[in-house]
2 protein chains.
Amino acid sequence: MQDAPSSPVARQQSVRLVVERLLRDRSVSRAEIARSTGLSKQTISEVMRDLERDGWVHEDGQIQGSVGRSAVTYALRPDAAFVLGIDLGGTKLHIALADLHGEIVAESIEPTSGDGGAAVVAQIERMKDALLQHASVSAQRLRGGVMGSPGMVDPASGSIVIAPNIPGLDSLDVRAALRERLGIDITIENDVNLAAIGEHWRGNSRRARSFAFIAVGTGIGMGIFSDGYLVRGARGAAGEIAYLPLGGDPYDARGLRFGTLETAIGSAGIVERYLGLGGSPGSTVRDVFDRLEIEEAARITIDEISRILTTAILAVHSILDSEIIILGGSIGARPELKLRIDEHLGRCMREPVRIELSALGNRATLIGAIGSAIDLVHRSQFGIGRDAGPLALPAAAADVAA
Amino acid sequence: MQDAPSSPVARQQSVRLVVERLLRDRSVSRAEIARSTGLSKQTISEVMRDLERDGWVHEDGQIQGSVGRSAVTYALRPDAAFVLGIDLGGTKLHIALADLHGEIVAESIEPTSGDGGAAVVAQIERMKDALLQHASVSAQRLRGGVMGSPGMVDPASGSIVIAPNIPGLDSLDVRAALRERLGIDITIENDVNLAAIGEHWRGNSRRARSFAFIAVGTGIGMGIFSDGYLVRGARGAAGEIAYLPLGGDPYDARGLRFGTLETAIGSAGIVERYLGLGGSPGSTVRDVFDRLEIEEAARITIDEISRILTTAILAVHSILDSEIIILGGSIGARPELKLRIDEHLGRCMREPVRIELSALGNRATLIGAIGSAIDLVHRSQFGIGRDAGPLALPAAAADVAA
DNA sequence: CCAATTTGTAAATATCCCGAACAAATCACC
DNA sequence: GGTGATTTGTTCGGGATATTTACAAATTGG
């Protein structure tokens, strides 16, 4: 069933407690860790000695001022390992190299190769090498990576099941190919889920254990956190709210194919609605928003979109009881929408749920991928099982200061 | 932060592995446990000796037939402890006393006392005493209990926030009162959530790690499992699908108060719809179902209800990606509904989600409460933290046989 | 400069787990 | 019916880890 606890059964527990404490507060003395974990001082000293020997922590400073001997504080070394965050979009491929604090040391964007799965894998390898060289990081210190991709990712195998926009990616075993070409494990995850992780780590839902991230752009998707854990669903399709039966007839053939909600308020649906109201032909969604103040068709379009999105939020909230709902994506993050949604929510909920705009914008997936990769490194490095609790991520600098 | 691991840090790990193995297969030999856990034979023997000394396990039989010495098998003693499952409804109070296998040794139903919270607590105490006496179980062996109640339960404090139907229950600190009167901890949980746990343990979603249990009766509610864990939401209101914006105008004042979906397809809504279609005055929901084959108004009513419920299922599934959706409650469990829903789903989903009727009927909450209580006893007894994994419950007899 | 307090180390002890050797029980096969 | 192979379960010694107690070192306040 599980692998044999070879020798260090209890030690891993201790190491884990120490590391978790160091993640919570960036710099802590050994005595303080002993107090807060309940372990003895020697155990902490010994664990810390091992961690320092292996390069995971270093002395960080001293605490003076209070009575008694001054304490030496230790902190996790951000440069102990590096990870790769990859945001694989239909048009752009965005890769960043980051340290264990999540500090990005190098990043680059290229148009996604149009020559299919194998070419994309080769492109990723090339970009990775360039980033390592640019940041002067040796390949050994690269310890993991996470890639976000649109479409469905099978929770069991971790391989892409359906990948729109990138031909030949779902037929290829991308994970195996990446492991072979890059020499490290790359975990694949739905891009919206990663964006939710990003917002949870560095964005506007930092302290919320239950929240939803709704991305509205070309398509519509949602990432769900419940009690600190990502909700993936049986087939990895949780949060596919494109198929919510709102904003149209769920028995309509088009809704069946692309999703009723997405048909109504995806980019295509918005433009179509705008044209139906007499808007100028050839307009984009951006144009509609630009003419919001000056054109009746644009105003009505956005009003209707907001109203439908509000019912979607109502549906999501009644099922998940989120603490916060974050709106993101090129359309969803527009403040004009939030304004109208807040107003509508006030009229159909007794205690309207808190709505926030994405703090990370189009970098949410990338940052979530980095955070997720850091978490995986921590887990694999310190023997933390998957049930050992929510994400083990360093607090953002703002949180430490607070 | 956490309590000090006094002495048995590693031992608890071993104990937990052994107990989990015994939960999975009811009767196992020590050698087999050693193999499957990776622990050494001596460790298993020692752990087992302690468990037997404390009365948690006993020798159960022998394995013969294969070459080699025959093995003594051990099993958890079902009578090592007993738990109380309580289903507190607006009209009926249903209590059962069960052993650690979930075998009910005594149960009783009474009308819920109408004299408010304190009277209900007294009633529960009286019924508990009677059950203990009837089953000849000493009070010391009663180790815990779980109570299901309609309304919202705060996930943090475990106290009832909103309790419809039972006056004065939300103002009282029920949990403290029960602890004082009964001498044991009674955990309170939403009744539909417990019904979902019941179905997960003994019902139709036994092997599903992600599923939803939808109860349609006087009111409408849902219990959610994601990846083996119950989803409670930020305020314990997850699954309150009464407020789904389906089947009516979400901006309507009545929907705002009772929930749009519940207004449409709760008992009151069904009867109202039936009358609106020219049905006979004074009818109940039961009457409507009875006249389904012989009266046009009844047929149309049920058809429309099914259609709305189908869109609700579609909404739930698009958000949660459940493996199975279980229908329960006095109305939801009617096969006439499932028939129609299956048909409708086929026309609005490309891969219709699997729908099953509740296997436990109106006992689902009670059984879920028992299962949940057994899980809590296991956790508190064997030092299993809350993040140690999904429910630690004995397999149902049918599963063991299979 | 001394007392109080806190940090960190050292030594001794207890606990727990593992590996190997070994006794016991059982089956297969001659 | 006897013998060997196989599996079970125990005993014993060794190693790793954590805890307790004692103590040295450092720092603040008077």
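Below are the figures for this structure:
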| quantity | calculated |
| --- | --- |
| Extreme residue, farthest from A:Leu337 (Cα to Cα), among residues of the stretch A:284-294 that are assigned to a helix (DSSP H, G or I) and either free of Cβ contacts under 8 Å to residues at least 12 places away in the same chain or not assigned by TED's automatic domain parsing to the domain that holds A:Gly248 (or both) | A:Asp287 |
| Single residue of A:Met222, A:Met152 found to be in contact (Cβ under 8 Å) with a residue 60 or more places away in the chain and closer than 19 Å to A:Ile86 by Cβ | A:Met152 |
| Residues within the stretch A:15-31 that are charged (D, E, K, R) and away from DNA strand D (no atom under 15 Å from the Cβ), tallied | 3 |
| Qualifying residue in the stretch A:42-51 (condition: in contact with a strand residue (DSSP E or B) (Cβ under 8 Å, 6 or more places away or on another chain), assigned by TED's automatic domain parsing to the domain that holds A:Gln64 and more than 8 Å from DNA strand D (Cβ to nearest atom)) | yes |
| Of the criteria (1) away from DNA strand D (no atom under 16 Å from the Cβ); (2) at positive phi, which one B:Asp99 fails | (2) |
| Subset of the stretch A:206-219 [touching a residue at least 40 places away in the same chain (Cβ under 8 Å), more than 8 Å from every other protein chain (Cβ to nearest Cβ) and surrounded by fewer than 24 Cβ atoms within 10 Å (Cβ to Cβ)] | A:Arg206, A:Gly217, A:Thr218, A:Gly219 |
| Within the stretch B:237-283, helices (runs of 4 or more DSSP H) holding 1 or more residues that are within 11 Å of chain A (Cβ to nearest Cβ) | B:253-258, B:260-265 |
| Neighbours by Cβ (under 6 Å, 6+ apart or cross-chain): first from the stretch A:99-123, charged (D, E, K, R); second modelled with pLDDT of 90 or more and assigned to a strand (DSSP E or B) | A:Asp99/A:Phe82; A:Glu107/A:Ala96; A:Glu110/A:Leu93 |
| Residues of the stretch A:73-89 satisfying the condition of being among the acidic types (Asp, Glu) and at pLDDT 95 or above | A:Asp87 |
| One residue from B:Glu343, B:Glu356 being surrounded by fewer than 24 Cβ atoms within 10 Å (Cβ to Cβ) and under 25 Å from A:Pro155 (Cα atoms) | B:Glu356 |
| Residue match in the stretch A:155-171 (condition: within 14 Å of another protein chain (Cβ to nearest Cβ), surrounded by fewer than 24 Cβ atoms within 10 Å (Cβ to Cβ) and part of a strand (DSSP E or B)) | yes |
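The values are calculated or read from the model by the stated rules, or taken from the named source; none is laboratory data. Remember, it's a predicted structure, so these values are computed and weren't measured experimentally. Cβ coordinates were reconstructed from backbone atoms using ideal geometry, including for glycine residues, and neighbour counts include every protein chain displayed.
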